[in-house]
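Asker: Have a look at this one.
The values are calculated or read from the model by the stated rules, or taken from the named source; none is laboratory data. The shown structure was predicted, so the numbers you read here are calculated from the model rather than taken from an experiment. Note that each Cβ is placed from the backbone with ideal geometry, even for glycine, and that neighbours are counted across all protein chains shown.
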Amino acid sequence: MTKELRSNHFNKDKEDTIVNLETIRMTLNECIDEGILDEDSDVYNELIELIDQAKLIKTYPELADVIAKAKKIETGVDGWLSRKLRETVSISWVKIPKDTY
């Protein structure tokens, strides 16, 4: 794979990850708007920080770290939404190529 093609793949994977994080954020914003979640909650602030971090990453190992943290947040949010009898978030995450480490 050429360097340019690899860079294009990385940029798409990074953008897909940011879209997934924004999807979780939108779900949490709906909960804030309905008064069932406080915008000062730890999970919301952690998610905002992760979105900012994702925008700055430059390598697949950094992307893998962001995705691992995001999956933990997603799992927590899904559990919380289930307990509130709300629709959960269903996200398909980027698979990190094995030859990038």
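Asker: Kindly indicate the residue of the stretch 63-87 that is without any contact (Cβ under 8 Å) to a residue 12 or more places away in the chain and part of a loop (DSSP other than H, G, I, E, B) and also surrounded by the most Cβ atoms within 10 Å (Cβ to Cβ) among those meeting that condition.
Answerer: GLU87
Asker: Still on this model: Mind listing just one residue for me: the one in the stretch 88-101 that is modelled with pLDDT under 75 and surrounded by 10 or more Cβ atoms within 10 Å (Cβ to Cβ) and, of those, nearest to ILE36 (Cα to Cα)?
Answerer: Filtering the stretch 88-101 for residues that are modelled with pLDDT under 75 and surrounded by 10 or more Cβ atoms within 10 Å (Cβ to Cβ), the one nearest to ILE36 (Cα to Cα) comes out as THR88.
Asker: Scan the stretch 47-62 and report the pairs whose first residue is free of Cβ contacts under 8 Å to residues at least 40 places away in the same chain and farther than 11 Å from ILE18 by Cβ and whose second residue is of a type outside the set (Ser, Thr, Tyr) and outside any helix (DSSP H, G or I), with Cβ atoms within less than 9 Å and a gap of 6+ or a chain change.
Answerer: As it stands, the answer is none, since no pair meets every condition given.
Asker: Just one of (1) part of a helix (DSSP H, G or I); (2) charged (D, E, K, R); (3) more than 12 Å from the chain's Cα centre (by Cα) trips up GLU39, so point out which.
Answerer: The one condition GLU39 does not meet is (1).
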